[in-house]
1. Starting with the fewest neighbours, write out Glu57, Glu104, Glu114 ranked by other beta-carbon atoms found within 10 Å of each beta-carbon.
2. For region 41-119, which semi-axes, largest first and in whole Å, follow from the square roots of 5 times the eigenvalues of its Cα gyration tensor?
3. Using Cβ counts within 10 Å as a stand-in for footprinting exposure, how do Thr69, Thr55 rank, fewest first?
4. Based only on other Cβ atoms within 10 Å, what is the fewest-to-most ordering of Glu83, Glu100?
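What follows is calculated from the coordinates using simple rules that are stated; it is not laboratory data. What you see is a predicted model, and the numbers here were worked out from it, not measured in a lab. Note that each Cβ is placed from the backbone with ideal geometry, even for glycine, and that neighbours are counted across all protein chains shown.
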Amino acid sequence: MMPRRAAMPLEQLLAGTDDMLDVDKMIEKLAPAQAGQNFRPSDDLMKVMYLFFATVEGKLIFEWLMDLTVRAPYPHVNGSNFEQAAIAAAKHQSRCGVGEVILEAVAQGKRLLEQAQNRS
């Protein structure tokens, strides 16, 4: 039986993983999809989205939208075909992308309103 740490020294195991261990780079790679400039809502629309989100009725609608997008279950894959799995993943990623863009617009609307209040 091999001693616990005899397989590979930690330094050797981590060699060449600088990019993989850089938290900022990892977060950047995992960042939500950004809407293209043609699809980016105006600042006024983002503010309205946040104000609507802050109401009871608005929160209900946004919760439902998140159920349909970000919280939607992963599609069931019939069989073990790689193409079917890839299509299911793309569908799921597309749904999540829509939800993430909506959430980002709400968050940006909140930031814009807070900036306007701080200037006043």
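1. On the way: Glu57 8, Glu104 18, Glu114 11.
Ordered by Cβ neighbours within 10 Å, fewest first: Glu57, Glu114, Glu104.
2. Numbers: eigenvalues 230, 34, 10 Å².
Values for region 41-119, descending: 34, 13, 7 Å.
3. Sorted ascending by nearby Cβ count, the order is Thr55, Thr69.
4. On the way: Glu83 8, Glu100 19.
Ordered by Cβ neighbours within 10 Å, fewest first: Glu83, Glu100.
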